[in-house]
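These notes are about the structure you will find just below.
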Amino acid sequence: MNDTVLVLSVVSAISAGTPILFAALGEITTERSGIMNLGIEGMMLVGAITGFWIGVETENAWLALLGGALGGILLSLIHAVLAISLRVNQIVSGLALVIVGSGLSAFWGNSGDRPTLVQTKTGVRFDPIFPEVIRDLPVVGPVIFGHDPVVYLSWVLVAAISYFLYRTQTGLSLRAVGEDPGAADASGLSVTRYRYVSTLVGGFGAGLGGAYLAIGVIGTWAAGLTAGAGWIAVALVILSGWRPWFALLAAYAFGALRSLGFTLQIAGIGVPSDFLAMIPFIATYLVVIVVSASPTRARKVAGPAALAKPYSREAR
Amino acid sequence: MAATEKEILQVRELTKSFYGVAANDKVSFSLRNGEVHGLLGENGAGKSTLCSILAGLYRPDSGDVILNSERIRFRSPLDASNMGIGMVHQHFKLISSFTVAENMVLGLNAKSRNISLGTVEDEVRELARQYGLDVEPSAHVWQLSVGEQQRVEILRQLFRGARILILDEPTAVLAPQECDRLFEAVRHMVERDHSVILVSHKMDEILSNTDRVTVLVGGRNAGTLRTNETDAAELAKLMIGSDHLPKLANKSLRRFVESTPVLTIRDLEVIGDRGTEAVSGASLEVLSGQIVGVAGVAGNGQREFQQAIVGRRQISGGSIMLRGRDITQLSSRARSRSGLAYVPEDRLGTGLASGLTLEENLILKSYNEPPYSHRGVLSTAVITAAAEKLVKDFDIRGARSGMPVSLMSGGNLQKAILARELSRPHDLLLAASPTRGLDLAATASVRQHIRADTEKGGAVLLFSEDLGEIVELSDLILVLAGGRIVGSYTPATLDISELGLLMTGAKVHN
Ligand SMILES: Nc1ncnc2c1ncn2[C@@H]1O[C@H](COP(=O)(O)OP(=O)(O)OP(=O)(O)O)[C@@H](O)[C@H]1O
Ligand SMILES: [Mg+2]
């Protein structure tokens, strides 16, 4: 029963969707403050290589994960300085981050006397936390209890970010900064501080996602291993209407698509993988179209009003 | 009123420049405890700048702010708020997707008090009752009318314990009845020992609601006077530095109104943003040489009505004819070409392209026609010459080459739009609150331009919340309430109190 196609697909969808989910959660936080960071792909790659490298060196999966997150944060700091302090166009800065991130990670993954990085299987991994008896329960065993701790961490994060955004005063302030920085400023909130912190949280999510992808899902490093996962996360933020719980659902749906590609390949069914790779973006298109067709719906799931608009107190 | 001689706030030689031009030039000024202090000045005189400095939003280049005999320096609006200074900006600073209560708690120090939205709502209701500023704390700001939003802004400052309230042109966005309520609330505030700085262009408001008044001219203080020792003439003289106010045209010299209709609207129906009917079956006619004024409280379909006429909003029924030609199906550009001039309410949003220069904005609707361009290439010399002429004719100030118009003051923006619209060939001028926020001189000149327009046979459809303006200008006054034309008066049949009632949506039997 637990090895029916459906159960196996759900399990692999969750596994493949988790890195994207982390990245999307981070980006939701960033964008809620009005900063758009399109550099997720770059931050994920840097997170992946940092995490992988630390994993190899320390043989500790948790340190690896943490290191990956730090890598993502460092890269997002570049975006924060450019976009918030220097008021550079956020699209340009975000795209530049992708290039910087891919370059850095590829270089680092190949550099010097450590070509081994490319080939090693880390041997560092996360093990399921529940005992086998529970994991063997029909259906719920593998679907709910069969995961490694990082998957549960992502669930906790979804709940935490959702609670933070909608139930706490700091979350309210963060959303205010993203809706109308001028009004937030006049209310006494520090727009710069909120935007910096949430941009770094975005880097944290992307770095974490990248590191988990490398050590928890794929288990090896290869240049460009994210293969567009960062872009899917960008689409997912829009698709979810900037809401964490919807991001979870969408991440698993996209995870299913990713793993479907492998399944179909193995089964010898000739659906071009490029076509499958397009589906997340087409889905995003469709959602955006459906949503904007109705003004009331559009208001509900519209992005932050001041998204990607630099703020300067004395400018008008 | 409770004003005492004690000065709680002093400003000494405050200077603030933007791009090398001084908006405040060594301004000195003082506020007494418990007084209402009026701030008068032409557009661009630096009133908002001064207020924004006091509210901690702008940092002065030099000069001192002294609060309770202590020299202070605000680093942010939070500092000002903590010291008891609250400002209601000309453009509200509310998050429209949040509720009233959520806006109230925004920026409050979460640690200093344990805030639950429920208690905030109760506190706000209590405050609202005390000051006569009723609002529903659980409503979303986007659902509120402009007047309600303003009450939220004021309550928010009171809620944060502001002792000094700065109101920047609060009545510019209010209907007459709402103005009365606002001043009622202001009286409640001074009774409770608050001090108020009140910016306004309306002389009678200043005269009847302030204790003292300061006049700013070109960023300098031209004089501070006791209100009961001065009058409109003296203030006007200070403000524009000359005794002759532009004379308003004599009302008895009526123009010749031909009977050819320029604009004919039949049974217009328009759906509003929220999916409900905003205009329901309105008909009207504007004749050549005639000014038709549409009076009404904001939010009764004015915006949708105008948008339907200019082609920025789909109509769900009825027809619109311009000089006998059905323009219902035309694009807004085509309508503009067939002789529709439009002065919108929203200056920087729809009226002007905020990032372009004044010159570019002045030809925004004719840049692709000769003589401004030939085969797709702009003729800069012609454009500059034309722009210079308009700047002179309409007395537009504060523009420099290469500067985006968004940096100009409200009054000058308005003159720029008027200059552009009136200088193009047109049959009908649709004007929405054309003098909102303008100073006396600018108001007079804008009205003069509108009047002059009809002397050449043009027709004007005027939407305004300023009843005085409607009465002064119009040959026919219509009342719009709940999306319907509910009343119609000529200057001879005008009954102001009845009209006021109709505006509020009340039924009047005659
Ligand atoms: N943030 C800003 N950036 C650039 N220039 C500014 C800014 N704020 C004000 N100015 C300029 O400073 C001058 C004074 O503007 P201010 O808004 O204080 O005038 P005001 O007296 O409030 O006029 P109005 O009656 O039109 O509101 C104007 O020339 C304006 O263009
Ligand atoms: Mg102003």
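Computed from the coordinates by the stated procedures, all read-outs in this text should not be read as laboratory data. Keep in mind that this is a model prediction, so the values were computed, not measured. No Cβ is skipped: glycine too gets one built from the backbone with ideal geometry, and neighbour counts run over all protein chains shown.
Distance between the modelled labels on A:ILE289 and B:SER406, one decimal in nanometres: 3.3 nm (7 Å Cα→Cβ projection). Dipole magnitude for the stretch A:158-278: about 200 debye, using +1 per Lys or Arg Cβ and -1 per Asp or Glu Cβ, origin at the Cα centre. The ranking of A:TYR285, B:TYR19, B:TYR489 by Cβ neighbour count inside 10 Å, starting from the fewest, reads B:TYR19, A:TYR285, B:TYR489. For the stretch A:3-315, a crude dipole built from +1 on the beta carbon of Lys and Arg and -1 on the beta carbon of Asp and Glu, taken about the Cα centre, is about 840 debye to the nearest 20. Model label points for B:ASP273 and A:THR4, set 7 angstrom from Cα along the Cα-to-Cβ axis, are 5.0 nm apart.
Modelled spin-label separation between B:ASP134 and B:ALA353, with each label point placed 7 Å from Cα along the Cα-to-Cβ direction: 4.8 nm.
Considering only B:SER401, B:LEU429, A:TYR163, and ranking their Cα positions along the charge dipole of the protein assembly as shown that arises from unit charges at the beta-carbon of Lys, Arg, Asp and Glu, the one farthest toward the positive end is B:SER401. Fully extending the segment from B:ALA232 to B:ASP61 would add 58.2 nm, taking 0.36 nm per residue of separation and subtracting the current Cα-Cα distance. Ranking of B:HIS194, B:HIS140 by neighbouring Cβ atoms within 10 Å, starting from the fewest: B:HIS140, B:HIS194.
Remark: the stretch A:246-260, residue by residue, has Karplus-estimated 3J(HN,Hα) of 5, 4, 4, 4, 5, 4, 5, 4, 6, x, 4, 4, 4, 6, 4 Hz, where x stands for each Gly or Pro and the curve is 6.51 cos²θ - 1.76 cosθ + 1.60 at θ = phi - 60°.
Peptide B:97-108 has a mean shielding of 5, counted as Cβ atoms of other protein chains within 10 Å of each residue's Cβ. For a label point 7 Å from the Cα of B:SER96 along Cα→C-beta, name the residues of the stretch B:139-162 whose backbone N is under 15 Å from it. Flagged as within label range: B:140-150. Highest average first, the peptides B:281-287, B:397-403 ordered by how many other beta carbon atoms sit within 10 Å of their residues are B:281-287, B:397-403. Cα axis of helix A:169-179 to longest principal axis of chain A: angle in degrees, 0 to 90, nearest 10? The angle comes out at about 70 degrees.
Compared with the dominant Cα axis of chain B, that is its longest principal axis, helix B:146-159 is turned about 10°. Seen against the Cα atoms of chain B and their longest principal axis, helix B:176-191 is set at about 10 degrees. The smallest convex shape that holds all Cα atoms of chain A, its convex hull, gives 143 Å³ per residue.
How high is the FRET efficiency between B:VAL377 and B:GLN314 when r is their beta carbon distance and R₀ equals 45 Å, given to the nearest 0.05? It would help to have the intermediate numbers written out before the result.
Working: r = 36 Å, r/R0 = 0.79.
E(calc), rounded to 0.05, equals 0.80.
Helical runs assigned H by DSSP (4 residues or longer) give chain B a calculated mean residue ellipticity at 222 nm of -9000 deg cm²/dmol, each run adding -39500 (n - 2.57) before division by the residue total. Computed from the C-beta positions of A:SER85 and A:ALA302 and an R0 of 35 Å, the FRET efficiency is 0.80 to the nearest 0.05.
Provide the FRET efficiency to the nearest 0.05 for the B:HIS188-B:SER497 pair, computing r from the beta carbons and using R0 = 25 Å. Mind dumping the intermediate values first?
Working: r = 26 Å, r/R0 = 1.04.
For R0 = 25 Å, the calculated efficiency reads 0.45.
Note that the stretch B:74-83 has calculated 3J(HN,Hα) couplings of 8, 9, 7, x, 4, 4, 4, 4, 5, 8 Hz, one per residue in order, obtained from phi through the Karplus relation 6.51 cos²θ - 1.76 cosθ + 1.60 (θ = phi - 60°); glycine and proline are x.
Between B:VAL36 and B:VAL196, B:ASP211, B:ARG212, the built amide H atoms are under 5 Å apart, and every one of these is 5 or more places off in sequence or on another chain.
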